[in-house]
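One structure below.
The values are calculated or read from the model by the stated rules, or taken from the named source; none is laboratory data. If you're wondering where the values come from, they're calculated on a predicted model, not measured in any experiment. Note: ideal-geometry Cβ built from the backbone for every residue, glycine included; neighbour counts use all protein chains shown.
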């Protein structure tokens, strides 16, 4: 019996079953005397503004674990020595930041010692190709959007909106937010959209990642949300291309602004609030992001060549092409709104730490399937998409070298498409009487009558100009479609540091996906 238990435990130790990705980082270093270089035993190193900290051992080494990704300030003190404070110490998920202290004796009067840490040239414990984009990088770089930040990483490319790593397929990339897998099980890609101002760091691992990641061949993309600090902070940002205060009623006139540019109707607002909640043991971060695009797509050319006129009565030499020209700037009937809400809540009740995090995204737009060819039709469809994730993690520190983590997470996506007038009465989409009741009377041309394209349940044919089809006024421009995807995951991991060089990690994860879709089989033809 004991032999069976032994072999079972040995199997668990050797089997790479850990899929739950860690989101914590650590700081380690050495505390020595400034003059002699002798190790200082029992020096106290703390993270300013939190309860995290540790004492140096007999070799002067210290280790602080279970730190969320971010920038910290360390303070080191020792009896008979002056206190040193080091700021700007960056901690990354699943990596170790190294920071040493050289304490001057109190006999040496040097005043207050404040040091700003520098970013290391080489990450010593990084055993694979990892590119890290921090919150500071996101604020400084002249790009916007999660995908655009990924494209700055070597080996990352995009095609038709799909992300590829090292030339692999889009379903070969794993996505994690706060340690929870958010990869779309249907076709791959990222199932959850997040606001860039809520991101603390993005890690892109292109090959060579550890056994805790599964279901990805090309690479891993990991994201972590911001956390609240020891001080209350607030920020707001507003971006617009309407710097000349152009009226919305003139949005589609195609005229340039006073600065010689076209107005596309883009507005973006982001507001953040973070800090302690009632005490330093409870900290929060909240971000609300809103974006409105009157015309998300920007065609390069404001015209479409409809081709050479084909008429046997006109000599070939006299035939000419026909151009369909539309105004520059915003396109009508294609507005889009985005809302993103993100938050984190940390409870630091040593030796147990709780972290609650989540994000929810709403996309509302006027669905215009035929783009500029829908110029005759003022009936675009409605489209709404929602996605989000929520995660609860508990970390229990049993000793400075041993702790375990328990994690529960959910991921949800859903969208629906419908006609703005008939809505969920999808059986009436092809009913001319029902359409007339909401104000759209389907007219018939002589060509329709000649071709017998008429009847109560026959939609009007598009107007065709040399094989370019323009839907008529009142034609239903959307189908009725709904689907949703739900994921539930539970995970646990045990971390043990037998010495200052090695880490042993054992754990596992259970994840389930449920997909539902509804698309009635009807036709408006």
Elements of type strands (runs of 3 or more DSSP E) contained in region 289-380, each with 1 or more residues being at pLDDT below 80: 303-308, 321-325, 352-367
Quick one: how many residues across region 237-247 are in contact (Cβ under 8 Å) with a residue 12 or more places away in the chain and either exposed (fewer than 15 other Cβ atoms within 10 Å of the Cβ) or in contact with a strand residue (DSSP E or B) (Cβ under 6 Å, 6 or more places away or on another chain) (or both)? 7
Residue 443 fails exactly one of (1) surrounded by fewer than 15 Cβ atoms within 10 Å (Cβ to Cβ); (2) modelled with pLDDT of 80 or more, namely (2)
Taking region 389-402 and the residues there that are part of a strand (DSSP E or B) and modelled with pLDDT under 90, the one that is nearest to residue 195 (Cα to Cα) would be 397
Going through region 243-277 in order, the residues found to be in contact with a helix residue (DSSP H, G or I) (Cβ under 9 Å, 6 or more places away or on another chain) and farther than 30 Å from residue 344 by Cα are 263, 265
Which strands (runs of 3 or more DSSP E) sit wholly inside region 115-231 and have at least 3 residues that are in contact with a strand residue (DSSP E or B) (Cβ under 7 Å, 6 or more places away or on another chain) and under 25 Å from residue 89 (Cα atoms)? 130-134, 199-205, 219-225
Yes or no: region 212-230 includes at least one residue that is closer than 22 Å to residue 270 by Cβ, more than 21 Å from the chain's Cα centre (by Cα) and modelled with pLDDT of 75 or more. yes
Can you confirm whether residue 523 is modelled with pLDDT under 90 and either on the phi < 0 side of the Ramachandran plot or exposed (fewer than 11 other Cβ atoms within 10 Å of the Cβ) (or both)? yes
